[in-house]
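The values are calculated or read from the model by the stated rules, or taken from the named source; none is laboratory data. Just so it is clear, the model here is predicted, and its values are computed rather than measured. Here the Cβ is made from the backbone with ideal geometry for all residues, glycine too, and neighbour counts use every protein chain on show. The area values use the complete protein model at the heavy-atom level, side chains included, leaving out ligands, DNA and RNA. Shrake-Rupley method; radii C 1.70, N 1.55, O 1.52, S 1.80 Å.
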Amino acid sequence: MGQAFSTKAGCAAAQSESFMSATKKTAPAPAGKNGKAPANAKASAKVGAGKVGKGNEFDHPIFHELQLPSDANNLYRQTVGSMLQAADLMGLPHQLKIILAQPKNEIMVHFPVRMDDGTFKLFKGYRVQHNNALGPFKGGLRFHHDVHLDDVKSLAFLMTMKCSLVGVPYGGGKGGIKVDPYKHSKAEMERIVRRFTTAIAHQIGPDYDIPAPDVGSNSQHMAWIADTYAFLSEVGGKQADAVITGKPVEYGGSLGREKATGQGVVDTLVELLPEAGIDIKGCKFSVLGFGNVGSWTGKILQDKGAKMIATADHTGAIRNDGGIDAHQLADHVRKTGGVAGFKGATRIDKDEFYKTKVDVFVPAALEQMIQEPEANMLNCKVVAEGANAPTTPAGERILEARGIEVLPAILCNSGGVTVSYFEWVQNKMCEQWDLDVVDKKLNKHMVKAAAKVREAKKKYKCNLRTAAYAAALERLKSAYEIRGIFP
Ligand code: NAD
């Protein structure tokens, strides 16, 4: 096993909310005593007013009002902080800021499962339902030994923003099980997944909350969830399939769903790379994480004439300046579980991976992997975020200072949920669409979302991340204005 790349912000990093050069920067405001909001906190919530607190830490009055985690490295604080920056910029009403800064429901379950040797183990599961103003809660299930409530809350929050931006009729949700799926037999995983489904069955539903795959979960797991749900719920027959997306094509899944997130990353690059003066044909790229999102992004980019120079996963990093064949590498990963040992490239260390000169760098592994050291090492023109929240605010500030454009995750990786939506529609209509229909419809959503972000960037004179949040918030704001807040 090779050198594992770090995840989770371990840095006591300084953070501010200014990401790109277009964003107004002003002098830092001092933090209040004991981490409390400074007296001028309300005034400093205005964009352009100092929002950088003690130790250069990003601060916002809403953090104090809602008692959000005070640790600047906390993923939830970082993701909500980025949204609040856009919310301030567009003058979003206070009530919407507080609604969106916390999820509606946080569900935690503990459930026992019998192991193959006859003993029982207790597992912890999560389902966070962030917002359903635009439609049912929607978002993946992460199976990972290190998943925590705040990670799931962040990912659920990002789903609300993503669904709004890409124009699908969903809110945001996310869930997971604290489990290493690679350490259990297929039979144990089936019992874990079915028992988890039983624990949350009354909190999900085809018109209420629709999970999907994420890191560590796959289409087989989705099939077990659909089957368990159909068994337990009052939703009859095939209609119960619509409770979950990312199912196998043979069991209610959609053609094109497996590659959808990678396809969406590529569709976004096709739209936005010309603005950075990069031609996709002949463009050089590297990919961090060669799982579902990374491998499909690599394969589709290669098919469009781009060349993958380096890639890395939990087993190590590899490089070939003549190009790594993404299709062959995907076969190798399927057989061996990782990129290490691939014959068509040379093994390199972590630093060399980040320092490899490319046009586009695609982080497609886990959150918070691009911190300050990685941002300083990167030698690229564009970062296309395939993963959710891969760049910390401190990392992003460095990328901005170095003139590296970041295409934000809520735009770049929204292809997955878009095709999940198509799968849900097909289930409800008892239809099966051809792949070219799915691809064409997906492209339409991606092009439209990219255009919205481009417009918001011009309107608010900000970087692409803030613009993406602003565009997402505009749709949510209209929905709340029209429906009101009951009672
Ligand atoms: P996956 O499990 O298929 O792949 C994850 C990859 O990350 C693997 O290659 C793994 O080796 C690598 N990885 C894990 N830990 C690592 C470490 N410490 N260092 C280096 N590499 C490491 O997961 P995925 O579905 O491809 O998801 C990847 C990211 O994309 C996640 O952030 C996920 O939330 C996001 N995402 C996925 C989808 C989807 O449809 N699958 C949709 C939107 C966003």
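Looking across the stretch 148-157, the residues that are open to solvent by 10 Å² or more (accessible area, probe 1.4 Å) and assigned to a helix (DSSP H, G or I) come down to 149, 150, 151, 153. Scanning the stretch 319-346 for residues that are within 13 Å of residue 285 (Cα to Cα) and in contact with a helix residue (DSSP H, G or I) (Cβ under 9 Å, 6 or more places away or on another chain) returns 319, 323, 324, 325, 326. Of the strands (runs of 3 or more DSSP E) lying entirely inside the stretch 83-147, those containing at least 2 residues that are within 16 Å of the ligand (Cβ to nearest atom) and open to solvent by less than 20 Å² (accessible area, probe 1.4 Å) span 120-131, 137-144. Candidates are the residues of the stretch 200-244 that are among the polar types (S, T, N, Q) and within 13 Å of the ligand (Cβ to nearest atom); the one that is surrounded by the most Cβ atoms within 10 Å (Cβ to Cβ) is 217.
The requirement of being within 14 Å of the ligand (Cβ to nearest atom), open to solvent by 20 Å² or more (accessible area, probe 1.4 Å) and either not acidic (Asp, Glu) or not in a strand (DSSP E or B) (or both) is not satisfied by residue 339.
In the stretch 165-189, of all residues being surrounded by 24 or more Cβ atoms within 10 Å (Cβ to Cβ) and among the hydrophobic types (A, V, I, L, M, F, W, C), the one that is nearest to residue 243 (Cα to Cα) corresponds to 177. Taken as a whole, the stretch 345-366 holds at least one residue that is surrounded by fewer than 24 Cβ atoms within 10 Å (Cβ to Cβ), under 19 Å from the mean Cα position of the chain (by Cα) and part of a loop (DSSP other than H, G, I, E, B).
Residues of the stretch 301-318 that are under 22 Å from residue 357 (Cβ atoms) and in a helix (DSSP H, G or I): 301, 302.
Scanning the stretch 264-285 for residues that are buried (at least 24 other Cβ atoms within 10 Å of the Cβ) and in a helix (DSSP H, G or I) turns up 264, 265, 266, 267, 268, 269.
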